[in-house]
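Here is the structure we will look at.
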Ligand code: ADP
């Protein structure tokens, strides 16, 4: 049994489905056929018994009336009456109280098959004589104050014959139905598994040919076509993210190559002339240090970006009480940039946002650092915090060099820096805004940036709020 179960488990799904469907049909059909056969058999037997009952009461009435009519048991009329009432394969016999035969009428029935048996009550007996199946009905009778027994027997040969034929018809019908259910089960399973097979084939092709393979879409709206649709969507996403990753690696290696090349150039310069020329030595060392700092910044930025891009926020999302948080941050900023004036206005007292404090700090740092870096000598920065329709807005406004309108759509791209020649003087990696964009997406927040060249830039962060 265990081996059979193991063997069944290892079968392909199509065979499992076919066997299950066939078995189900088999059980249903067998139960139905068996029930039908039994009902028919017992119904027909009942019919036979009813016929015998009717016959018995007719014979009883007739025989009991004989003395009244003055006829004898052996008269030609009695014989004719009994012969007339008898059907094929039947017998009527009258016994006296000691079981001696008084009268006999048969129609293709051998009376020796049945032993005479007087009876004082109505009784029905079902006996087998060789191949024959006989039903005997015995009932008492009183003729001329003498008690006796009437025996009516019928050979159920026709009934049995009919039963056997019925059984065969049902068995053949059953076998045909099982074959048909096996074939249709196989066809249904094949049809049902077609999309799954196509899916498996596509996955195989993806393995061999790459991410551009898709499942042929079947538009019938069932779960399997939904699965195919979902698979295609997943493949689209994977392809996009794969391309993005590739782009990211290309961009990152390109960005990393520039400071390394400059660093190498300065080291060559030092190697050739710098050892004896203190001016070249000093200049090259400073330049090399600057490029090393830039490299460090780039690597740090790449690391933060990769963390921000990962969809899982590993840290817990404790709600932050915004007023307290911003007051602490202002203190820090004033310490880091003492030459700058930060004007802060908080209107959303007693509000909380669900964001990790380190992430909010990182976001603030990116925008404040940009406001400082691109301040163009204007040392005022305005921070405004307000709430509207369950959304907390946090704006950082500077009055610096601003961004040309045509450049604004690109500033959130990775490594994008407005006017590279100008940006070279200001240290940066072009990763800050990309990191901020990725971070804020995890908290259902948004960033809006407006800027006017030579007037300043305003960045507005928005997050859903929660009551205290
Ligand atoms: P970076 O490290 O270069 O500052 P960011 O991604 O933070 O990188 O910014 C991308 C570019 O957008 C910057 O190089 C700069 O040109 C421009 N930018 C960002 N913030 C400001 C701002 N407050 N004022 C002017 N330009 C800005």
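Just so it is clear, none of the values below were taken in a lab; they were calculated from the coordinates. Note that the coordinates shown come from a computational prediction; the quantities given were computed from them, not determined experimentally. Virtual Cβ from ideal backbone geometry, glycine too; neighbours counted across all protein chains shown.
Laid out as a table, the results:
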| item | result |
| --- | --- |
| Calculated [θ] (222 nm, deg cm²/dmol) that DSSP helices of n ≥ 4 give over the chain, each run adding -39,500 (n - 2.57) | -19500 deg cm²/dmol |
| Least to most buried among 114, 203 (fewest other Cβ within 10 Å first) | 203, 114 |
| Degrees separating the helix 357-373 axis from the principal Cα axis of the chain, which is the longest one | 30 |
| Euclidean distance between Cα centres, the stretch 104-155 to the stretch 388-459, Å | 113 |
| Scattering curve values for the stretch 117-183, log₁₀ I(q)/I(0), Debye with Cα scatterers, q = 0.18 Å⁻¹ | -0.76 |
| Exposure proxy order (Cβ contacts within 10 Å, fewest to most) of 95, 358 | 358, 95 |
| Relative exposure of 37, 42, judged by other C-beta atoms within 10 Å (fewest first) | 42, 37 |
| Tail beyond 35 Å, pair distance distribution of the chain (Cα, percent) | 66 |
| Cα pair distances in the stretch 1-155, grouped into 10 Å bins until the bin that holds the longest one, percent each | 9, 30, 22, 10, 8, 9, 8, 4, 1 |
| Helix 322-336 axis, angle to the chain major axis (alpha carbon atoms, nearest 10°) | 30 |
| Potential lengthening between residue 36 and residue 73 on full extension [0.36 nm per residue; Cα-Cα distance subtracted] | 8.8 nm |
| Kirkwood hydrodynamic radius (C-alpha pairs) into Stokes-Einstein, the stretch 39-101, 4 °C and 1.567 mPa s, D in µm²/s | 96 |
| Cα gyration tensor, the stretch 66-160 - rounded (a/c under 1.5), prolate or oblate | oblate |
| Rounded Å value of the spacing that divides the Cα centres of the stretch 335-354 and the stretch 42-60 | 107 |
| 0 to 90° range, to nearest 10: angle between helix 278-309 axis and the chain longest Cα axis | 20 |
